[in-house]
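A short write-up of the structure that comes next.
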Amino acid sequence: MLLLRCPLPLLLLLLPLGSRPQKLPTRDEELFQMQIRDKAFFHDSSVIPDGAEISSYLFRDTPKRYFFVVEEDNTPLAVTVTPCDAPLEWKLSVQELPEEASGEGSGDPEPLEQQKQQITNEEGTELFSYKGNDVEYFVSSSSPSGLYQLDLLSTEKDTHFKVYATTTPESDQPYPELPYDPRIDVTSLGRTTVTLAWKPSPTASLLRQPIQYCIVINKEHNFKSLCAVEAKLSSDDAFMMAPKPGLDFSPFDFAHFGFPADNNSGKERGFLKSSKFGRQTSPKPRVDLHRVCIGNKNIFTVSELKPDTQYYFDMFAVNTNTNMSTAYVGTFARTKEEAKQKTVELKDGKVTDVFIKRKGAKFLRFAPVSSHQKVTFSVHSCLDAVQIQVRRDGKLLLSQSVEGVRQFQLRGKAKAKYLIRLKGSKKGASMLKILATTRPNKQSFPSLPEDTRIKAFDKLRTCSSVTVAWLGTQERNKFCIYKREVDDNYNEEQKKREQNQCLGPDTRKKSEKVLCKYFHSQNIQKAVTTETIRGLQPGKSYLLDVYVIGHGGHSVKYQSKLVKTRKFC
């Protein structure tokens with residue numbers, strides 16, 4: 001058999017032109033390898049080479065025909081067609097080669113056009129046909145000699161496909177063989193992980209050929225070929241990636257179809273994006289599909305999945321020598337649900353402490369026992385900002401970020417139930433205190449000014465004292481100030497780690513207490529108090545903290561202030 005990638009007229013010139021029938025030459029392996037290395041030899045070809053996979057493209061409703069010649073009867077033959085991203089209709093037929101090429105017995109060769117019509121105008125005998133998107137095969141241990149035609153059509157959309165044909169199927173075996181049980185087993189299932197196992201390909205275990213396994217994960221469906229995966233991963237509906245020389249072929253000349261020649265095609269393999277036919281391609285939305293090749297292992301754990309989500313898993317054995325692949329039987333699995341969040345019940349007027357893991361969330365429920373006109377939620381975030389959402393009977397009423405102390409007053413409703421969702425910080429764990437009440441006068445959290453910084457007066461520093469000031473509110477509250485000596489290398493980063501605003505004066509040593517006093521001002525512009533802290537050591541650093549204590553006993557810490565006394569006075 002001879003399978004050549006050359007223009008059809010050249011194939012016809014190889015047919016007998018004399019009065020005596022001539023045999024076509026058999027496949028010369030050295031010549032064949034030379035030809036497949038010469039890419040220009042195969043450009044714009046309708047002839048299939050023997051023993052090599054070609055990649056091609058079909059425009060919708062535009063049929064394409066390929067040819068190959070079998071010169072002797074009883075020749076083994078195998079043809080494989082791989083649809084990529086659309087179903088194909090394809091048919092394989094054979095017709096006899098012309099036995100005489102003479103004109104009226106004169107010995108003169110027939111004109112080329114007559115030979116062409118003699119071969120291509122006949123329908124031939126249909127051997128096999130198929131319609132669908134499966135990888136389908138025609139295999140015969142004894143095929144007749146003749147001119148074989150492979151007709152392909154895509155009625156759904158423009159698509160690409162692959163074709164492989166050989167007269168030595170027993171020895172070639174370019175596709176990895178599947179084991180007797182080609183299924184993928186799900187051996188372990190978690191909330192974010194799935195462990196898969198499969199039996200190795202005999203091509204690797206028995207024939208010792210280099211095989212690697214590639215896993216494909218997506219949420220839509222299983223894939224029947226790696227070609228279909230590549231089509232899905234592509235950024236547009238243009239052509240397949242440029243093939244590796246000597247392994248697979250591009251059966252068309254890009255320029256012939258109106259595509260500009262790529263001078264860097266040997267360096268950068270990619271997709272062509274435009275054509276002179278006006279088939280402009282627009283980028284597809286990003287596909288949630290992942291492919292990972294893991295070598296020759298036959299067990300793998302897929303991680304970083306979403307809980308309670310169905311995923312489809314496909315496995316492909318890839319012969320790294322030929323770059324050709326075979327699909328295992330795909331499977332699917334749904335990851336386990338997230339652990340059910342325990343809902344904390346809030347009691348009217350009682351402060352509840354809440355701890356949230358990094359990026360985590362907590363759910364709380366408040367169900368007032370009596371009718372109410374208003375409901376108040378007070379939140380004290382101890383560290384970083386937290387996100388709060390409040391729903392009343394399923395309707396979202398509030399969604400805000402809370403830093404420090406915040407109070408939210410919402411309209412009430414008889415027999416209403418409130419669901420509170422608290423989402424933690426991305427930086428680290430979150431701690432907070434929350435109070436829900438239907439009684440407006442029941443406020444455990446003290447009111448705070450917008451600015452909770454402590455200001456130090458540099459000009460009033462001495463070797464034994466510092467003077468500081470802070471803002472108050474119109475509400476009469478108790479303020480307590482504490483001091484702690486720290487090392488000279490104490491920095492802002494260490495101070496930040498100690499900024500838990502929920503830690504009250506009860507966690508401090510008695511020796512660190514400076515004083516407590518009550519303070520407020522009806523004029524908010526004058527709600528400022530100052531204090532001079534004495535008895536300090538020269539040239540030493542101190543961390544100062546001010547706590548405001550509400551009527552319910554709950555305290556809130558202002559932002560810490562680092563000060564230093566003068567060394568010389």
Being under 22 Å from LYS567 (Cβ atoms), in contact (Cβ under 8 Å) with a residue 24 or more places away in the chain and out of contact with any strand residue (DSSP E or B) (no Cβ under 8 Å at 6 or more places or on another chain) narrows it down to one of THR462, THR467, so name that one.
THR462
Would the stretch 172-194 turn up any residue that is acidic (Asp, Glu) and open to solvent by less than 60 Å² (accessible area, probe 1.4 Å)?
yes
Of the residues in the stretch 461-486, those that are within 25 Å of ILE524 (Cα to Cα) and either open to solvent by 50 Å² or more (accessible area, probe 1.4 Å) or not assigned by the TED database to the domain that holds TYR547 (or both) come to LEU471, GLN474, GLU475, ARG476, LYS478
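One line per residue, one yes/no per condition, for (1) of a type in the set (Lys, Arg); (2) more than 36 Å from the chain's Cα centre (by Cα); (3) open to solvent by less than 40 Å² (accessible area, probe 1.4 Å); (4) outside the structural domain of GLU475 (by the TED database):
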site: ARG406; (1), (2), (3), (4): yes, yes, no, yes
site: LYS413; (1), (2), (3), (4): yes, yes, no, yes
site: ALA416; (1), (2), (3), (4): no, yes, yes, yes
site: LEU419; (1), (2), (3), (4): no, no, no, yes
site: LYS423; (1), (2), (3), (4): yes, no, no, yes
site: LYS426; (1), (2), (3), (4): yes, no, no, yes
site: LEU432; (1), (2), (3), (4): no, no, yes, yes
site: ALA436; (1), (2), (3), (4): no, yes, yes, yes
Cross-chain or 6+ apart pairs with Cβ under 9 Å, the stretch 181-208 first and free of Cβ contacts under 8 Å to residues at least 60 places away in the same chain, then of a type in the set (Phe, Trp, Tyr) and open to solvent by less than 30 Å² (accessible area, probe 1.4 Å)
ASP181/TRP198
With (1) farther than 30 Å from LYS540 by Cα; (2) open to solvent by 30 Å² or more (accessible area, probe 1.4 Å); (3) not in a strand (DSSP E or B) as the list, and GLN400 as the residue in question, which single condition is left unmet?
(3)
Tell me, please, whether a residue that is touching a Pro at 6+ places or on another chain (Cβ under 6 Å) and part of a loop (DSSP other than H, G, I, E, B) can be found in the stretch 537-550.
yes
Does LYS359 count as at pLDDT below 90, of a type in the set (Lys, Arg), within 20 Å of GLY190 (Cα to Cα) and open to solvent by 20 Å² or more (accessible area, probe 1.4 Å)?
yes
How many of the residues making up the stretch 433-445 are at pLDDT 85 or above and touching an Asp or Glu at 6+ places or on another chain (Cβ under 8 Å)?
4
May I ask you to say which residue of LEU147, LEU127 is touching a helix residue (DSSP H, G or I) at 6+ places or on another chain (Cβ under 7 Å) and not acidic (Asp, Glu)?
LEU147
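The values are calculated or read from the model by the stated rules, or taken from the named source; none is laboratory data. In this text, all values refer to a predicted model and were calculated from it rather than measured experimentally. Cβ atoms come from the backbone with ideal geometry, glycine included; neighbour counts cover every protein chain shown. The area values use the complete protein model at the heavy-atom level, side chains included, leaving out ligands, DNA and RNA. Shrake-Rupley method; radii C 1.70, N 1.55, O 1.52, S 1.80 Å.
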